[in-house]
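Written below as structure tokens is the structure these notes are about.
The values are calculated or read from the model by the stated rules, or taken from the named source; none is laboratory data. Keep in mind it's a predicted model, so treat the numbers as computed, not measured. All Cβ positions, glycine included, derive from the backbone under ideal geometry; neighbour counts span all protein chains shown. Calculation scope for accessible area: heavy atoms of the full protein, side chains included, ligands and nucleic acids excluded. Shrake-Rupley method; radii C 1.70, N 1.55, O 1.52, S 1.80 Å.
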Amino acid sequence: MREPAASRPVARVAVDVPLPHLDRLFDYLVPVALAGSAVPGCRVRVRFSGRLTSGYLVERAEESEHQGRLAFLERVVSAEPVLTAEIAGLARAVADRYGGTMADVLRLAIPPRHAAVEAAAPSGAQEPSAGPPPTHSGTAAAAARQAWARYLAGPSFLAALTAGRSPRAVWSALPGPDWPAEIAGAVAAVAASGRGALVVVPDARDLAQVEDALKSAVGSGGYVSLSAQLGPAERYRRWLTVLRGQVTVVAGTRSAAFTPVARLGLVVIWDDGDDLHEEPRAPYPHARDVLLLRAHRSRAAALIAGRAMTAEAAHLVESGWARPLAADRATIRQYAPAVRTAGEDAELARDEAARTARMPSLALRTAREALAAGPVLFQVPRAGYLASVGCQSCGARARCGACAGPISLGGPDQPLRCSWCGRVTGRECASCGSSQLRALVTGARRTAEELGKAFPGVPVRTSSGSGVLTSVPASPAIVIATPGAEPPATGGYAAAVFLDSWALLGRPSLRAAEEALRRWMNAAALVRPGPQGGKIVMMADPSLAVVQALIRWDPATHASRELAERQELRFPPSVRIASLTGPPEVVSELLAAVPLPDGADVLGPVPVENEGPATTEPGAEIARFLVRVPSSAGTALAVALRGGLAERTARKEQGAVRLQLDPAELI
């Protein structure tokens with residue numbers, strides 16, 4: 001017969017069950033045998049609905065509000081308190097904001113246990129050292145101050161961090177390779193105040209640059225990096241060093257946003273518009289929102305950083321939550337490359353085809369001149385050879401006769417193939433019968449073939465897909481890269497040409513212009529400054545606001561314009577939108593039963609294909625409803641809809657519904 005522990009015998013457990021109606025803590029008794037190891041934050045196994053289920057012990061109490069009989073904890077999996085009080089509160093806040101469950105968020109926040117790694121060091125969290133803060137070299141500190149001095153509020157931002165205060169800023173980084181060192185300088189300033197820092201970047205390439213900068217700023221033992229590329233054992237080992245307070249500076253990718261950094265003083269997100277920051281698993285949180293919640297709850301400083309600026313970042317500035325951190329116009333001109341467009345009046349007078357040609361004389365002339373000084377970058381929106389073809393005679397786009405998918409050409413000696421079903425097709429046009437084809441969408445491989453002929457004897461390198469180059473030397477070369485795969489060049493590119501800009505601007509997304517500018521600015525930042533001869537040729541209409549933003553290197557004005565347009569259209573971030581996808585009658589019934597916040601608009605239904613929950617039967621009718629509320633009511637909407645889903649799952653009603661807040665594919 002098991003007896004409960006004499007002190008605090010009640011354990012409140014977050015059970016690993018993602019059903020909405022079970023999204024709460026459950027009380028269990030702590031047996032005497034587990035009284036010492038059942039500490040708050042540890043992993044446990046409990047009997048739940050007749051089955052052994054994993055969970056986390058959140059807290060222990062003297063008594064329970066439950067009037068019935070309590071079951072005992074079955075066992076303590078590990079006495080390591082992996083769920084800290086801060087992360088437990090953060091997980092609850094993220095779940096409420098996105099209409100998810102705490103169990104789903106904890107799966108994202110805490111890595112799987114690796115017993116051998118835990119056993120390699122004493123179990124149980126250690127109190128963070130109260131000794132002197134980490135130091136960094138005087139050279140690194142001086143370099144950080146010099147780099148931040150280029151920004152109007154940079155010195156005061158750095159001084160506030162060093163003094164232990166918590167400023168919040170939206171930072172528009174200057175072009176060039178200095179951004180990792182500038183982030184490391186801010187981290188070092190926070191470390192000097194005895195606090196911890198957390199830096200989140202989109203991918204492994206950015207993480208490697210931040211790691212190199214942190215080595216100079218806080219030393220190789222002063223930080224850890226966390227990413228998906230690490231194996232489970234190594235990742236858990238590094239994560240434990242942070243949990244135990246042995247390291248208080250963390251750099252990582254998306255999931256690192258939940259890392260339990262002790263005495264958190266600064267959160268940083270680089271390039272917050274990158275879609276890699278969006279979590280593809282329920283409840284689909286964005287790393288930026290997770291970090292902003294942490295900064296608010298921990299009273300830490302926040303730095304939302306990037307070369308471009310998102311509408312969400314502009315919203316933070318407009319609301320007064322954050323301050324802008326940017327350079328003045330004279331400094332921008334000193335570091336930004338010179339940008340020209342092929343559609344300028346002077347160029348049209350010289351080349352009548354400048355506005356319509358894919359690669360007009362301005363682009364070829366600029367590249368030829370720049371090759372004498374170093375490598376030249378060509379940005380191409382699509383990978384492959386010919387992503388789409390059409391009829392030379394009538395202009396009709398070639399489509400598959402079986403599924404109506406677009407026809408593509410994988411190479412000069414390959415057959416035409418459907419991009420959807422893979423079926424090999426003939427060359428005859430379905431409209432006029434002609435067998436003459438022309439390229440509609442040209443990929444990186446075809447562009448490399450054309451440029452190889454235009455610049456004989458010049459090395460041509462491609463960077464896209466699985467073949468992304470890490471860097472290129474300073475010697476003359478043509479580099480063709482897709483957006484996001486542009487390799488940095490030693491000393492910077494002498495020039496860059498951005499081809500097929502319409503492909504980025506023509507995406508069916510509210511974020512098309514914002515994303516295009518982000519891609520262009522990230523690539524343009526790899527080019528040498530204008531005073532050093534760096535040039536960019538844009539194949540775009542110079543009258544477009546997004547093109548003017550690149551020419552002036554003014555992301556803040558463009559982001560403010562985007563935000564104003566979204567406020568007028570009532571799109572995020574000025575509002576919150578909930579997407580409910582499932583059988584139309586089920587979603588309608590759910591919306592009728594849920595008390596929606598004041599001012600809520602219900603839009604739809606709109607039929608959708610292959611976007612229902614995984615439990616939806618094949619062939620069933622699926623529709624999407626949108627619910628729109630003011631941003632201040634976003635969390636209330638998410639909680640209300642989750643409550644409606646909880647009632648449905650509690651009654652075991654048929655018909656699954658997927659809930660997602662501010663879905664990226666819709667905006």
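Worth pointing out:
- Kirkwood hydrodynamic radius computed over the stretch 355-470 comes to 15.8 Å, based on all pairs of distinct alpha carbons.
- The residue among ALA228, LEU264, TRP148 whose Cα reaches farthest toward the positive pole of the charge dipole of the stretch 136-265, with charges on the beta-carbon of Lys, Arg, Asp and Glu, is LEU264.
- Counting only DSSP H runs of at least 4 residues, each contributing -39500 (n - 2.57), and dividing by the residue count of the chain, the helix-based mean residue ellipticity at 222 nm comes to -9500 deg cm²/dmol.
- In the stretch 471-617, the portion of solvent-accessible area held by carbon and sulfur atoms comes to 54 percent [1.4 Å probe, whole percent, DNA, RNA and ligands not counted].
- Dividing the C-alpha radius of gyration of the stretch 395-531 by 2.2 N^0.38 Å, with N its residue count, gives 1.25.
- Ranked from largest to smallest solvent-accessible area, with a 1.4 Å probe on the protein heavy atoms, TYR385, TYR284 come out as TYR284, TYR385.
- Nitroxide proxy distance, nm - points 7 Å out along Cα→Cβ at LEU70 and GLU369: 7.9
- Simple label model, 7 Å out from Cα along Cβ direction - ASP601 to ALA330, nm: 4.7
- By the rule of a C-alpha distance below 24 Å, with chain neighbours fewer than 8 residues away ignored, the lysines paired with LYS453 are LYS535.
- Its alpha carbons considered, the chain gives a radius of gyration followed by a Dmax of 27.8, 95 Å.
- For the stretch 80-121, alpha-carbon Rg relative to the globular expectation (2.2 N^0.38 Å, N residues): 1.35
- Here the extension length gained between ALA228 and GLN246 equals 4.3 nm, from 0.36 nm per residue of separation less the Cα-Cα distance.
- Distance between modelled label sites at SER156 and GLU647, nm, 7 Å Cα→Cβ extension: 5.1
- Under a model in which nothing but the beta-carbon of Lys, Arg (+1) and Asp, Glu (-1) is charged, the chain shows a dipole of about 960 debye around its Cα centre.
- Gap separating the Cα centres of the stretch 185-246 and the stretch 1-77, nearest whole Å: 34
- Local electrostatic count, TRP270, Cβ distance below 11 Å [Lys/Arg +1, Asp/Glu -1]: -4
- Solvent-accessible surface ranking, highest first, for ARG97, ARG445, ARG648 at 1.4 angstrom: ARG445, ARG97, ARG648
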